[in-house]
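Comments concern the structure below.
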Amino acid sequence: MLASLSILFWTGTGELHAQSMSKPYKTLKVTRLIKAPAERVWKAMVKDYGEISNFSPYIFASYYVSVSLEGVEGAQRKCYFNEKSTRWSHETIKYIDEENMKMKNILLGAEKFPLDIDNSYAIYSVKDNGDGTSTAGYEFNFRTKPAFMGGLFKGQFKKTLEGTLVGLDHYVSTGEIVNANSGNWKEIKKQYN
């Protein structure tokens, strides 16, 4: 998925650091109010890590590739962004904070993505709103390769992340799969705008 990226470590102080992040990068933050309990949203978004193709309208297929069949530190997944499986990402969970419902995701490899892996990462989060609803979010810190393309891709990355949160909302609310193969994205998108 596009919300993936570089090597992170946790300092224990609540601060996030990437392996390098030595070059200037851009940050995108998107959130969505979802009328479902935080635990259910967290399960779909993070604990079922290899199943992102259940709710991302831009992914054709995804699956676990090692470590665990659930979203835990070190779990890895592969996501395919076209039918021929020639555009893909290989991602891993670098850190999970179960109590605060935050997860750091990094990219181990990718094909046909304009990202500088050493200067990009994503944080997934779910906030319990205390009223049976939750707020799901992505924070995507990225640098493109070549760097000048960052401005060109920022809008597309934001659209992709927002669409993925709409897909998550629909999947958690209805159980209906939303992905690039399902053929239902255009109709679903209309329901949530």
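The values are calculated or read from the model by the stated rules, or taken from the named source; none is laboratory data. The structure displayed is predicted, hence computed values, not measured ones. Ideal geometry is used to build each Cβ from the backbone, glycine not excepted, and the neighbour counts take in all protein chains shown. Ligands, DNA and RNA are stripped out before the accessible areas are found, and what is left, the full protein with its side chains, is counted by its heavy atoms. Shrake-Rupley method; radii C 1.70, N 1.55, O 1.52, S 1.80 Å.
If you check Gly137, Gly167 for being crowded, with 22+ Cβ neighbours inside 10 Å, of a type in the set (Gly, Ala, Ser) and either within 23 Å of Tyr49 (Cβ to Cβ) or in contact with a strand residue (DSSP E or B) (Cβ under 9 Å, 6 or more places away or on another chain) (or both), only one passes: Gly167.
Out of curiosity, is Asn184 buried (at least 20 other Cβ atoms within 10 Å of the Cβ), at negative phi and at pLDDT 95 or above? Please lay out each step first, then the result.
Details: buried (at least 20 other Cβ atoms within 10 Å of the Cβ): no; at negative phi: yes; at pLDDT 95 or above: yes.
Judged against the criteria, Asn184 is not a match.
Matching residues to (1) of a type outside the set (Lys, Arg); (2) more than 24 Å from Tyr25 (Cβ to Cβ); (3) assigned to a strand (DSSP E or B); (4) at pLDDT 95 or above:
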| position | (1), (2), (3), (4) |
| --- | --- |
| Ala136 | yes, no, yes, yes |
| Leu165 | yes, no, no, yes |
| Ser173 | yes, yes, no, yes |
| Val178 | yes, yes, no, yes |
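Selection of strands (runs of 3 or more DSSP E) fully inside the stretch 57-122 by the criterion of at least 2 residues being in contact with an Asp or Glu (Cβ under 8 Å, 6 or more places away or on another chain) and among the hydrophobic types (A, V, I, L, M, F, W, C) returns 88-97, 102-111. Please verify whether the stretch 144-155 includes one or more residues that are open to solvent by less than 40 Å² (accessible area, probe 1.4 Å), among the small types (Gly, Ala, Ser), in contact with a Phe, Trp or Tyr (Cβ under 6 Å, 6 or more places away or on another chain) and in contact (Cβ under 8 Å) with a residue 60 or more places away in the chain. No: zero hits.
Every condition in (1) under 30 Å from Gly130 (Cα atoms); (2) in contact with a Gly (Cβ under 6 Å, 6 or more places away or on another chain); (3) open to solvent by less than 70 Å² (accessible area, probe 1.4 Å) is met by Ile34 except one, and the failing one is (2).
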